[in-house]
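A short write-up of the structure that comes next.
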Amino acid sequence: MTDLSNSRTRDTDSLLHPYANAMALKENGVQMISRGEGIRVFDDTGKPYIEAMAGLWCCGLGFNNAELIEAANEQMAKLPYYHIFSGRSHETALELAEKIKALAPGNMARVLYQSSGSEANDTQIKLAWYYNNARGKPQKKKLLSRMKGYHGVTIASASLTGLPYNHRDFDLPLDIVTHLRTPHHWREAEAGESELEFSARLARELEETILAEDPETIAAFIAEPVIGAGGVIVPPEGYFEAVMPVLEKYDILMIADEVITGFGRTGEWFGSQSFGYVPNSISMAKQLTAGFAPLSAVAIREDMASAIEENTGKIGSFGHGFTYGGHPVSCAVGIRTLEIYERDDIPGHVKRVSKRFAAHLDRLADHPLVGQARHAGLMGALELSPDGSTRMFDRPMLTGAKVAAELTARGVICRAIGDSLAFCPPMIITEAEVDELFDPVEDALNAAHDWARSEGLA
Ligand code: PMP
């Protein structure tokens with residue numbers, strides 16, 4: 001029998017945990033997760049939890065898919081590693097790239113591989129710069145992003161990210177990025193402003209920013225179709241329709257960060273399809289391998305691909321690539337993942353089951369501790385508030401953490417993003433399991449509400 005208390009202390013003696021308060025962890029210990037089955041994971045005492053975040057928005061097929069395990073094992077036995085540098089290639093990298101091209105919108109022409117979403121977005125920046133140098137626009141280098149957008153944690157991708165805790169004390173963001181207003185109608189709109197009017201205002205603000213910075217200096221605008229890690233913020237009606245013509249007018253690339261929204265999450269293959277726009281390039285990761293192996297991909301269109309390729313012809317080599325970009329085991333898992341999504345019509349399943357998911361969230365919007373319910377496909381959030389209005393808590397983040405803890409105690413793992421509670425369950429979830437997931441939520445909200453009142457927060 002493992003000594004659990006001992007392994008909990010050992011953990012913080014040896015690990016510095018991402019996105020955690022190290023001092024609080026030393027005090028309270030970590031939660032050890034030992035195994036997974038379907039949409040559930042089990043802790044080291046054997047207690048089951050519905051994993052309502054699919055891990056980190058990635059395990060679309062749950063936690064023990066036998067076909068993915070088989071694909072990884074087979075590839076591990078056949079060719080556990082090879083790269084695609086300097087004129088070499090392998091079948092799995094090629095086959096997956098062809099599959100991505102066939103599924104992605106916008107006639108994508110080439111695929112580049114990395115291991116993480118952050119590296120994908122770093123690569124996007126480098127491609128935009130390289131492309132603009134190659135086409136004789138070397139001054140076009142600045143990047144536009146949004147407050148609350150999440151694009152990763154490397155120096156460049158963390159700069160794109162619009163969240164204070166990714167910048168604070170890291171000396172970020174770099175001044176290559178300008179952050180625009182969050183497209184969150186409920187919180188940001190003026191009194192009486194409709195979603196369409198708000199979208200039109202955001203497009204005007206975008207144009208004003210471009211003109212103030214000088215359009216000839218701006219390379220790209222990066223956006224998630226639905227902001228994920230910034231709190232599941234669904235764009236207002238008409239948002240991308242309003243933004244896209246502005247970008248086109250000033251020859252600015254639209255990079256779709258589909259690291260969460262790619263591969264069925266919003267009920268279409270890609271989130272940009274759900275919101276009716278076609279980006280110049282797409283970042284994908286997470287559900288590309290259903291979280292079973294690290295892999296990310298960037299897909300680019302023909303105009304960018306040919307300018308880049310011609311330039312490499314002139315200068316002799318394309319000086320970019322990662323040792324593990326296109327890892328054969330990850331690619332083999334990716335191929336099988338996409339085959340399963342297609343065979344089982346996972347986007348169609350998400351579209352169907354998300355109606356029930358949305359109904360639960362909408363019902364909970366009436367709870368006195370909830371300000372707003374948001375959802376797109378199988379991603380959603382409840383934004384907490386002291387009185388159901390847009391008012392924020394005097395002491396932020398405590399109530400969100402409290403509801404998440406109350407839910408964990410009741411067997412559901414979700415994620416508190418500030419005072420929003422995010423849900424992004426495995427895409428294979430059934431309607432009955434959606435009911436099970438939401439069964440304890442009201443009770444957890446009630447318990448947290450009592451606590452918040454006793455603390456003078458609500
Ligand atoms: N982009 C988006 C939209 C993401 O949600 C994430 C991760 N949550 C990233 C980029 C960064 O991915 P990674 O953590 O794999 O670097």
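State, in angstrom, two size descriptors of the range 1-95 derived from its alpha carbons: Rg to one decimal place and Dmax to the nearest whole number.
18.4, 52
Taking 2.2 N^0.38 Å as the expected size of a compact globular protein, what ratio does the Cα radius of gyration of the chain give against it, to two decimals?
This ratio for the chain stands at 0.98.
What does the charge add up to near GLU197, with Lys and Arg as +1, Asp and Glu as -1, over the other residues with Cβ less than 15 Å from its Cβ?
-4
I'd like the distance separating the alpha-carbon centroids of the range 90-122 and the range 333-370, in whole Å.
24 Å
As a test, work out the antiparallel percent of DSSP beta bridges whose residues both lie in the range 203-341, rounded to the nearest 5.
40 percent
Would you mind listing how long the range 243-397 runs along its three principal axes, going by Cα atoms, in whole Å with the largest first?
Between the extreme Cα coordinates on each principal axis of the range 243-397 lie 63, 41, 31 Å.
Label SER454 and ASP169 with points 7 Å out from Cα along Cα→Cβ: what is the distance between them in nm?
3.0 nm
First select every other residue whose beta carbon is under 13 angstrom from the beta carbon of ALA66; then total the charges, Lys and Arg +1, Asp and Glu -1.
Summing Lys and Arg as +1 and Asp and Glu as -1 gives -3.
Hey, fewest Cβ within 10 Å first, where do SER454, SER274, SER194, SER159 land in order?
Exposure proxy ranking, most exposed first: SER454, SER194, SER274, SER159.
Distance cut-off 30 Å, Cα to Cα: go down the list LYS99/LYS137; LYS99/LYS126; LYS148/LYS314 and report the pairs above it.
Among LYS99/LYS137; LYS99/LYS126; LYS148/LYS314, the Cα-Cα distance tops 30 Å for LYS99/LYS137; LYS148/LYS314.
What aspartates and glutamates sit close enough to LYS140 to cross-link, taking a C-alpha to C-alpha distance under 15 Å and skipping anything fewer than 8 places away on the same chain?
Cα-Cα hits under 15 Å: ASP175, GLU213, ASP214, GLU216, GLU248, ASP251.
Extension gain ASP44-ALA77, at 0.36 nm per residue separation less the Cα-Cα distance, in nm? Show your work: numbers first, answer last.
On the way: separation 33, 0.36 × 33 = 11.88 nm, distance 3.05 nm.
Additional length available on full extension: 8.8 nm.
Among TYR82, TYR19, which comes first, then next, by fewest other beta-carbon atoms within 10 Å?
In order of increasing Cβ crowding within 10 Å: TYR19, TYR82.
Sort THR312, THR261 by Cβ crowding within 10 Å, fewest neighbours at the top.
If I rank by nearby Cβ atoms, fewest first, I get THR312, THR261.
Computed over the Cα atoms of the range 306-407, what is the convex hull's projected area averaged over all directions, in nm²?
Numbers: hull surface 49.9 nm².
Hull-based average projected area comes out at 12.5 nm².
Along each of the three principal axes of the Cα atoms of the range 197-307, give the extent in whole Å, ordering the values from largest to smallest.
44, 36, 21
With Cβ to Cβ distances under 15 Å as the rule, what net charge do the other residues near SER118 carry (K, R +1; D, E -1)?
Charge balance near SER118 sits at -3.
For Cα pairs less than 8 Å apart in space and 6+ apart in sequence, what is the mean separation divided by the residue count of the range 68-343, i.e. the relative contact order in percent? Before the final figure, lay out the partial values.
Values: 524 pairs, mean separation 78.3, N = 276.
Dividing the mean separation by the residue count of the range 68-343 yields 28 percent.
We did not get these values from a lab; they are worked out from the coordinates using the rules stated. As the structure is a prediction and not an experimental result, all values here were calculated from the model. Cβ sites come from the backbone with ideal geometry, for glycine too, and all protein chains shown count toward neighbours.
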